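Notes follow once the structure below has been shown.
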Amino acid sequence: MNAKGHKDNFEHFGYKINVVVSPHDCQICHPIEVSQYSRSKKAHAYGNLMNNPIYETLVKTVIGLKTLEDNYIVVTTPSESTLHETCLGCHGTKVEAKGLKKVTTMLGEISFPNLTNWPNQGVGRINPDGSLGSCTACHPRHSYSIEIARKPYTCGQCHLDPDVPAWNVYRESKHGNIYSSKFSEWEFDQVPWIIGKDFKAPTCATCHNSLIISPSGNVIAERTHDFGSRLWVRIFGLIYTHAQPESGDTSIIKNKDGLPLPVTFSKEPASGYLINKSEQLKRFKIMSNICNSCHSSDWINSHFAKLDKTIKETDDMIKATTDLMISAWKKKIEDKTNPFDETIEKMWIRQWLFYANSIRYASAMTGAPDYTSFKNGWWYLDENLQRMMDWMEFKKEIGD
Amino acid sequence: MNAKGHKDNFEHFGYKINVVVSPHDCQICHPIEVSQYSRSKKAHAYGNLMNNPIYETLVKTVIGLKTLEDNYIVVTTPSESTLHETCLGCHGTKVEAKGLKKVTTMLGEISFPNLTNWPNQGVGRINPDGSLGSCTACHPRHSYSIEIARKPYTCGQCHLDPDVPAWNVYRESKHGNIYSSKFSEWEFDQVPWIIGKDFKAPTCATCHNSLIISPSGNVIAERTHDFGSRLWVRIFGLIYTHAQPESGDTSIIKNKDGLPLPVTFSKEPASGYLINKSEQLKRFKIMSNICNSCHSSDWINSHFAKLDKTIKETDDMIKATTDLMISAWKKKIEDKTNPFDETIEKMWIRQWLFYANSIRYASAMTGAPDYTSFKNGWWYLDENLQRMMDWMEFKKEIGD
Amino acid sequence: MNAKGHKDNFEHFGYKINVVVSPHDCQICHPIEVSQYSRSKKAHAYGNLMNNPIYETLVKTVIGLKTLEDNYIVVTTPSESTLHETCLGCHGTKVEAKGLKKVTTMLGEISFPNLTNWPNQGVGRINPDGSLGSCTACHPRHSYSIEIARKPYTCGQCHLDPDVPAWNVYRESKHGNIYSSKFSEWEFDQVPWIIGKDFKAPTCATCHNSLIISPSGNVIAERTHDFGSRLWVRIFGLIYTHAQPESGDTSIIKNKDGLPLPVTFSKEPASGYLINKSEQLKRFKIMSNICNSCHSSDWINSHFAKLDKTIKETDDMIKATTDLMISAWKKKIEDKTNPFDETIEKMWIRQWLFYANSIRYASAMTGAPDYTSFKNGWWYLDENLQRMMDWMEFKKEIGD
């Protein structure tokens, strides 16, 4: 199938087979799903991380092997192998076919394509046929089950604490409680998926991508495989929240300061790359329509008004933290060349990447009060800011 | 129903309905449950937090938005909205009806009562009809299921790490293991609940509130909706453990130092507000009777003797930590005006609120050795005390 | 049964019964399982911890009650009771029968054997009859269920974060996702266990000990109750990884520096106590044979080549950290007498016991990229090393 396009195609016991089954293969039967997916941020997850110099610096700083030289820490370039099993485990690796190699198997020596960074099932995998993504990330072989994709454990493989704690928040929420208590009585294979009949509380798929209809047959939400397309605000973009990007490829974004970030350090959104108010409103209506199947309009309005406030407050907290770090740079307490490799800088990362993100997720996903309060929530946001102040004092002291 | 008492009642398409269904409504059919519940600490969870000046200071310090002014952290008053989705998410908000407002819905513009801090399902919610609590916290609409209430995920919405890690401990325990492996073969809807037949290992509800009978029909424990009424010792009261309070309203407690705490900083219990030895023994017998359905008297005695020792040891560790903080105050290293807003003080909070609590829960709930040893257990209690010593040195240094 | 050998045997309502059912009792029907188990590291878990002076020092330092004397922390000997519910909760206690005692029960006063450190179900429990282990650790009474033993919650009672995060990693992995989504359709009681038919994704037992056959009836792996016998490398030995030990009793190991550790601080493996290359290869083949039921030889080779690289990198990171600590000792910044009781030392422990271990588990168990990247993974390994450097500066400063 599609043998010509596949650089990983090889002859295997008389058959011509591909090692890396890709969206190009799946689209023969599922063209709409693949087309939608190809526009999503997920499909671009490799480039969004690795082709953005700022994110790439963060990656390299964290996972690069460190050595000690004269009591200084020297960061070396991360190995392909560690990249593969850390960030690119979720984001997807670049799989290239480099000729053939011989492998000893139980059936004797066999030639296989020599693939880089394989095996991998990351959502933005770059395949040897040039396509982006890996359908098996959510529909694992060989069942390709819609049930598995709709259960929250699938999303929870990547969307979990500390940086994207959707799964953690869900598990602690009222929705998650009802799911955990009653899932065995629900239908996860029905298409369309009837809200209130097939299931009584949403899973991730309900709100973010499934085709949902009412018991009387009205369409509540159309299916989409562009997973961000029902979202109006991005709550875990680097540093500050912002309107969702227009393109799934976020590596093209440039803010006013010339940095490849959707918002400046002083909290100004990049112009021209983010969706506008009317698109935001359109998406908000799609989502609130889903909520409306169970909740009143007043409930929904109050819920999202609270989220708006939380977004503002957490952004303000991050602004204060960022100002503090910038003052440390100005005072030469730390060095801004690499904004991720010193102690105060790492505390700053925790503020937005772990704590502010967590509070926003817990607020958005209808309630995980323990998460907002304690676990990676306000407790940490507050404590860490306090410690940053103390470290400023300390580092000034030892710098003298 | 009960329309007169409900300030949140309004006319809706020809019906007079209440927005906030309250215990007053539920008690028409369930008077005993509501009456028991009204005496519980849960029913008073709002006031127990917000009407206690010490706890309220803790809340405000942690979740108040911080701003930087001349490199000083300024704590501002928390927003209603953040309070609502953090502490009061579990404790319950104060819901007041302030006239009517117009809301745009799919059916056009509709008048709704204008409710403060709504929606909320906290256990101590103050309702517009004056009642306390929210039955839907554990029996979610529209199934009001006894099965959901008996499954541990329900309690796990609020009783989880780092401050009240009952759910975390359960999940790691032998009881939790057997539950997770076998729950699908058990009956969660039977009333009374037959121990050894309907279920083979306890969930939270078994030990803390359900009506439990033996296979031969003998009552092992009567049902109660006063959830602390089978407990003799409170293992997560502020700072130190203590005998359970007599009243569900703990905001009335005053200790010898005049503080609204059940124990003094020097570990002396408040007199007059806590249950006495004979009441403690009575409750211990109710609980051990439940254990006795599966375990021998010797097993039970040994288990609880171990808990007694753990309570004593963790209290002693907290006493040492508190003494250390008091010495920091005396040496003017930190300022005692607000005991929660500086670095050493925050380390002190971790000792009792996170670590000592966790060890006690793991000890009480028949075993989660990884939790007592590592995760928020002795490892942290020890390491954090060591760091407090170092911070004392450091802060003395920079204070000079 | 076996009454003579049982020092805990006593007369109870006309019967002679044993309180502590032990492997000696179980072996009457299950001699092979008990014999295999007796050779495992699990069976020796008590002695491997408590009879190794280095590990014992670590235990005592962490869980010993601390008191303050003149603002110094004094570590006291841990109580039997705390040992019992922390480390020995998993490792097993030493249960000795010390005559009889009278216990008040619902049936009146009854004589029971006076047992030390009882109840306990640790895997290396030392029983009054002299046998090692507790079958009920994984096959809880009174069902002794093979289903429970094969479900991952059982292993997850002890093998979990932060030190041995097998359960955490599994839960986040593709294998764990498929298990959580589909377990209710699988057979957990079938013997032999047919891969691809009885279950579609492995649980812990599949890879580590069950008798696995193919749908056509070929034996894929023989059953073993020596749980390490399919493993070639030990990824959470103290400080560095190393070839699996030859004997289940690891307290006999001595390295070149004369310390009871499998590797020296400078990363040289102890000679004579660890399995050789050919035994390693033999075990690797058993394991990869299991993987081969679902995955290709190329997939398996690439996976384990990645693990090899991760083992090397994490060992190198630990070497850098250990060198840093040794330089702190040389500069008299901290004192090496007890290598576990000061701040930099505790940071060093975190590097290998929490962070390097976590990365290796996530790498070995086919993928938990969030765990390798963030939660106890590279983020922490990197941040903690950076903080160690800062603490070196700080401690040098205050030491002056």
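The values are calculated or read from the model by the stated rules, or taken from the named source; none is laboratory data. Please read all numbers here as calculations on a predicted model, not as lab measurements. All Cβ positions, even for glycine, are placed from backbone atoms using ideal geometry, and neighbour counts span all protein chains on display. Protein only, heavy atoms only, side chains kept; ligands, DNA and RNA dropped before computing areas. Shrake-Rupley method; radii C 1.70, N 1.55, O 1.52, S 1.80 Å.
Quick one: Debye curve from the alpha-carbon atoms of region B:17-159 only, equal weights, vacuum; give me log10 I(q)/I(0) at q = 0.13, 0.19 Å⁻¹ to two decimals.
Each listed q maps to, in turn, -0.68, -1.17.
Only bridges with both residues in chain C count here: give the DSSP antiparallel percent, nearest 5. Display every interim value, and only then the final one.
On the way: 22 of 26 bridges.
The antiparallel proportion sits near 85 percent.
What is the ratio of the Cα radius of gyration of region A:169-227 to 2.2 N^0.38 Å, with N the residue count, to two decimals? Walk me through the intermediate numbers first.
On the way: Rg = 11.4 Å, N = 59, 2.2 N^0.38 = 10.4 Å.
Cα-based Rg divided by the globular estimate yields 1.10.
Got a sec to turn the phi values of region C:246-261 into Karplus ³J(HN,Hα) couplings, 6.51 cos²θ - 1.76 cosθ + 1.60 with θ = phi - 60°, whole Hz, x for Gly and Pro?
Rounded to whole hertz, the list is 5, 9, x, 8, 8, 6, 7, 5, 9, 8, 4, 7, x, 8, x, 10.
Using only the alpha carbon atoms of region B:86-166, find the Kirkwood hydrodynamic radius as the inverse mean reciprocal pair distance, in angstroms to one decimal. Before the final figure, lay out each step's value.
Working: mean 1/r = 0.0696 Å⁻¹.
Across region B:86-166, the inverse of the average 1/r is 14.4 Å.
Are any of the pairs C:Lys16/C:Lys101; B:Lys375/C:Lys98; B:Lys346/B:Lys375; A:Lys330/C:Lys332 more than 28 Å apart by Cα-Cα distance, and if so, which? Let's see the in-between values first.
Details: C:Lys16/C:Lys101 16 Å; B:Lys375/C:Lys98 34 Å; B:Lys346/B:Lys375 18 Å; A:Lys330/C:Lys332 34 Å.
Table pairs above 28 Å Cα-Cα are B:Lys375/C:Lys98; A:Lys330/C:Lys332.
Please report, for B:Cys294, the nm distances (one decimal) from its label point, 7 Å out from Cα along the beta-carbon direction, to the equivalent points in the remaining copies, shortest first.
Computed spacing set for this position: 3.1, 3.1 nm.
About the Cα centre of region C:1-132, how large is the charge dipole given +1 on each Lys and Arg Cβ and -1 on each Asp and Glu Cβ? Please answer in debye to the nearest 20. Working shown, then result.
On the way: 13 positive and 12 negative charges, 59 e Å.
It comes to approximately 280 debye.
Heavy atoms of the protein only, probe of 1.4 Å, neighbouring chains included. What is the accessible area of A:Leu231 in Å², nearest 10?
Accessible area of A:Leu231: about 50 Å².
Under a cut-off of 24 Å between alpha-carbon atoms, report the lysines in cross-link reach of B:Lys197, not counting same-chain residues fewer than 8 places apart.
Candidates past the 8-residue exclusion: A:Lys182, B:Lys151, B:Lys174, B:Lys182, B:Lys285, C:Lys151.
Rounded to the nearest 0.05, what FRET efficiency do B:His295 and B:Asp189 have when you use their Cβ-Cβ distance and R0 = 22 Å?
On the way: r = 26 Å, r/R0 = 1.18.
That pair, B:His295 with B:Asp189, gives E of 0.25.
Starting from the Cα of B:Tyr72, step 7 Å toward the Cβ, then list every residue of region B:376-400 with an amide N under 17 Å from that point.
B:399
For the protein assembly as shown, state the average projected area of the convex hull of the C-alpha atoms over all orientations, rounded to one decimal in nm². Mind dumping the intermediate values first?
Numbers: hull surface 186.5 nm².
Here the figure is 46.6 nm², rounded to one decimal.
At q = 0.17, 0.20, 0.22 Å⁻¹, what base-10 log of I(q)/I(0) does the Debye formula yield for region A:136-244 when every alpha carbon is treated as an equal point scatterer in vacuo?
Cα-only, vacuum Debye calculation for region A:136-244: -0.89, -1.20, -1.37.
Using a label point 7 Å beyond Cα on the Cα-Cβ vector, give me the inter-copy distances for B:Ala305 in nanometres, one decimal, shortest first.
Once sorted, the set of distances for B:Ala305 reads 6.0, 6.0 nm.
Can you pull the percent of region B:1-144's accessible area that's carbon plus sulfur, 1.4 Å probe, other chains left in place? All intermediate terms of the calculation are to be shown ahead of the outcome.
Details: 4040 of 7130 Å².
Answer for region B:1-144: carbon and sulfur cover 57 percent of the accessible area.
Projecting each Cα onto the charge dipole of the protein assembly as shown (Lys/Arg +1, Asp/Glu -1 at the beta carbon, about the Cα centre), which of A:Pro192, A:His303, B:Val233 comes out farthest on the positive side?
Selected residue: A:Pro192.
What does the copy distance list look like for A:Thr104, label position 7 Å along Cα→Cβ, in nm and ordered from shortest?
Relative to the other copies, A:Thr104 has label-point distances of 7.2, 7.2 nm.
In whole angstrom, how far apart do the alpha carbon centroids of region A:267-306 and region B:172-233 sit?
Taking the Cα centre of region B:172-233 as reference, the centre of region A:267-306 is 43 Å away.
For chain B, just list the percent of Cα-Cα distances falling in each 20 Å bin from zero outward, please.
24, 54, 21, 1
Please compute the contact order of chain B in relative form: average sequence separation of alpha-carbon pairs under 8 Å and at least six residues apart, divided by the residue count, as a percent.
Numbers: 618 pairs, mean separation 57.0, N = 400.
Contact order relative to length: 14 percent.
Mind checking the log10 I(q)/I(0) for region A:309-396 at q = 0.11 Å⁻¹? Debye, one equal scatterer per Cα, no solvent, two decimals.
With no solvent term, the Cα-only Debye profile gives -0.31.
Taking θ as phi - 60°, what are the ³J(HN,Hα) couplings along region A:58-69 by the Karplus curve (6.51, -1.76, 1.60), each to the nearest whole Hz, with x for Gly and Pro?
My calculation for region A:58-69 gives 4, 4, 5, 5, 6, 9, x, 4, 9, 10, 9, 10 Hz in order.
Quick check: pseudo-label points 7 Å beyond the Cα along Cα→Cβ at C:Phe340 and A:Leu100, how many nm apart are they?
So the two model labels end up 5.6 nm from each other.
Using a Gaussian network for chain B with springs between C-alpha atoms less than 10 Å apart, which of these wobbles most: B:Asp316, B:Asp335, B:Asp70?
B:Asp70
How big is Rg to Rh over region B:237-302, alpha-carbon atoms, Rh as the Kirkwood inverse-mean-distance radius?
On the way: Rg = 14.9 Å, Rh = 13.4 Å.
Taking Rh as the inverse mean 1/r over Cα pairs, Rg/Rh reads 1.11.
What does the average come to when, for each residue of peptide C:300-310, you count the partner chain Cβ atoms lying within 10 Å of its Cβ? Walk me through the numbers before you get to the answer.
On the way: counts 3, 5, 10, 3, 0, 1, 8, 2, 1, 6, 6.
Shielding by partners across C:300-310 averages 4.
Just tell me the longest site-free run in chain A, where the sites are chymotrypsin sites (Phe, Trp or Tyr not before Pro) in a DSSP loop having at most 15 other beta-carbon atoms within 10 Å.
Numbers: sites that count: A:Phe13, A:Tyr144.
The answer is A:145-400.
Cut-off 11 Å, label point 7 angstrom out along Cα-to-Cβ of A:Asp323: give me the residues of region B:65-81 whose amide nitrogen falls inside.
Taking a point 7 Å out along Cα→Cβ of A:Asp323, the residues of region B:65-81 whose backbone N falls under 11 Å are B:66-74.
Distances over 17 Å make up what percent of all Cα-Cα pairs in region A:175-318?
Values: 6834 of 10296 pairs.
Everything past 17 Å amounts to 66 percent.
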